[in-house]
Amino acid sequence: MTIPNIWSRRSIIQSGAACAALMTPGIGVRFANAATPGDKRFVVIILRGGLDGLAAVPAHGDPDYAAKRGALALPNTGPGAPIDLDGMFGLHPSLATMGQLWAAKELVVFHNVSTPYRDRSHFDAQNVLETGAASPHAVADGWLNRALQPLGLGNGAGALAVSSSPPLMLDGKVRVSSWVPSRMPMTDEDYMTRVKMLYANDAVLSSALDDALVTRATAQSAMHADAAPNMAGQGQNNQGQNNQAQANRGDVVPLMEGVGKILAADDGPRVAVFDISGWDTHFNQGAGDGQLARRLQALDQGIAALKESLGPVWKKTAVVAASEFGRTVAINGTGGTDHGTAGIAFLMGGAVSGGTIHAEWVGLKNEALRDGRDLPARTDTRAIFKASLSDHLGIATNALNAQVFPDTGSLAPIKGLFA
């Protein structure tokens, strides 16, 4: 579905047509043939809410880790121990797929990463993460939308937001598409045929409808039957009886599986953004198990589904997962963690030169922490994004610094991340 920036009468009709199309299975229309950045794919996963980096990637080899984390510390050995990476850092035991990617040298882990933002507001921190600016609300559009034009993906079919409307990261002047499985009753093929005839002489509406129809059809064929919405509007995990782990998996895995198939199409989009919330763990966070462990497991299973559904295209793919900030090192009084500063990010995919950790680790002693409570920021998250756009997708340095991330000429992309 195309999300216009200005809600004119035409754009409202256009969006309505796209919505209708997204509820219609089996329409045999193909994607507009997008100009591609080579034949590479790029996926961004926004981990919205502030993921606890020391939970996802515990510094279990640090001598102060167990004391600082208290009840949130994972054991060094035995059940619930981290998946060791290099003796100092490990992955949470729920991240088994990521552990396999590490072994295959298809995962890079970043610790002590942050945007330039240093306060503790979700709203402002997410704005900086998505706009790529140095401060909140400095610009109105998203850095990934600004990257689409130099990538030659400005025709609406080149980028896909996996949400009902594009997140700020994909919002801007360049038209993009949105997709989520509909839970509304399906419109029948005869109805959509008549809509197509109605719009046949309008290039704008016809193009938007075609894009929406093929996104819907491709996604519908990609999803398992029990994960896709049915004619009554009932989707997976709409039983009212599933536990949180099942609900999380039901939300993430079919989405990533479906989008993997869409991205794998020769004439499909080349860029996609997932927006996954639920990482704000102020209460009852848990260590080896609990609510955060279930969310990490759902994310990990989603990554496995994305890789499998991409098939051979995985070798051409890079996936970045990042959050707006990290969390406090110490546990709070309600069994969780509070808003912090630096956290973690992941870069994974068959196009990645992995098996490495970028941390600039300074330890967990009070004097090493920001304000005595937070991991300090040592790497700018935008350096990871810039590396992905330049070394993976091939955006020229002048376009990257002038158009995509203005005023960041002194911030170099991290080198050596891609094969």
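Number of residues in segment 281-336 that are farther than 27 Å from LYS365 by Cβ, in contact (Cβ under 8 Å) with a residue 60 or more places away in the chain and out of contact with any helix residue (DSSP H, G or I) (no Cβ under 9 Å at 6 or more places or on another chain): the value is 1.
Contact annotation: no residue pair with Cβ atoms under 7 Å, 6 or more positions apart or on different chains, pairs a residue in segment 174-187 that is within 28 Å of GLY142 (Cβ to Cβ) and β-branched (Val, Ile, Thr) with a partner that is modelled with pLDDT under 90 and not in a loop (DSSP other than H, G, I, E, B). Can you tell me which residue in segment 243-291 is modelled with the highest pLDDT, limited to those that are assigned to a loop (DSSP other than H, G, I, E, B) and among the acidic types (Asp, Glu)? Ranking the qualifying residues of segment 243-291, first place goes to ASP280. With of a type outside the set (S, T, N, Q) and crowded, with 24+ Cβ neighbours inside 10 Å as the only criterion, which of GLY333, GLY354, GLY372, GLY343 stands out? Among GLY333, GLY354, GLY372, GLY343, only GLY343 is of a type outside the set (S, T, N, Q) and crowded, with 24+ Cβ neighbours inside 10 Å. Please verify whether GLY278 is touching a residue at least 12 places away in the same chain (Cβ under 8 Å) and more than 17 Å from LEU47 (Cβ to Cβ), treating the condition exactly as stated. When the stated conditions are applied, GLY278 does not pass them.
Only one entry of ILE414, ILE384 meets the criterion of being within 23 Å of the chain's Cα centre (by Cα) and assigned to a loop (DSSP other than H, G, I, E, B), and that entry is ILE414. Among the residues of segment 318-343, the ones that are assigned to a strand (DSSP E or B), among the β-branched types (Val, Ile, Thr) and within 17 Å of VAL128 (Cβ to Cβ) come to 1 in all. Hey, any hits in segment 297-317 for a residue that's touching a strand residue (DSSP E or B) at 6+ places or on another chain (Cβ under 7 Å), in a strand (DSSP E or B) and closer than 30 Å to ARG41 by Cβ? Within segment 297-317 (the criterion being touching a strand residue (DSSP E or B) at 6+ places or on another chain (Cβ under 7 Å), in a strand (DSSP E or B) and closer than 30 Å to ARG41 by Cβ), the answer is yes, since at least one residue qualifies. Selection of first residues in segment 74-88 that are within 18 Å of LEU101 (Cα to Cα) and part of a strand (DSSP E or B) and of second residues that are modelled with pLDDT of 95 or more and small (Gly, Ala, Ser), restricted to Cβ pairs under 8 Å at least 6 apart or on distinct chains, gives the following pairs, ordered by first then second residue: ILE83/GLY90; ILE83/ALA96; ILE83/GLY99; ASP84/GLY90.
Checking the condition among the small types (Gly, Ala, Ser), at negative phi, surrounded by fewer than 16 Cβ atoms within 10 Å (Cβ to Cβ) and over 21 Å from the mean Cα position of the chain (by Cα), which residue from ALA59, ALA67 passes? Can you show your working first?
Values: ALA59 fails: surrounded by fewer than 16 Cβ atoms within 10 Å (Cβ to Cβ).
Residue meeting the stated conditions: ALA67.
The values are calculated or read from the model by the stated rules, or taken from the named source; none is laboratory data. Owing to the predicted nature of the structure, the values given are computational and were not obtained by experimental measurement. A quick note on method: Cβ atoms are made from the backbone with ideal geometry, for glycine too, and the neighbour counts reach across all protein chains shown.
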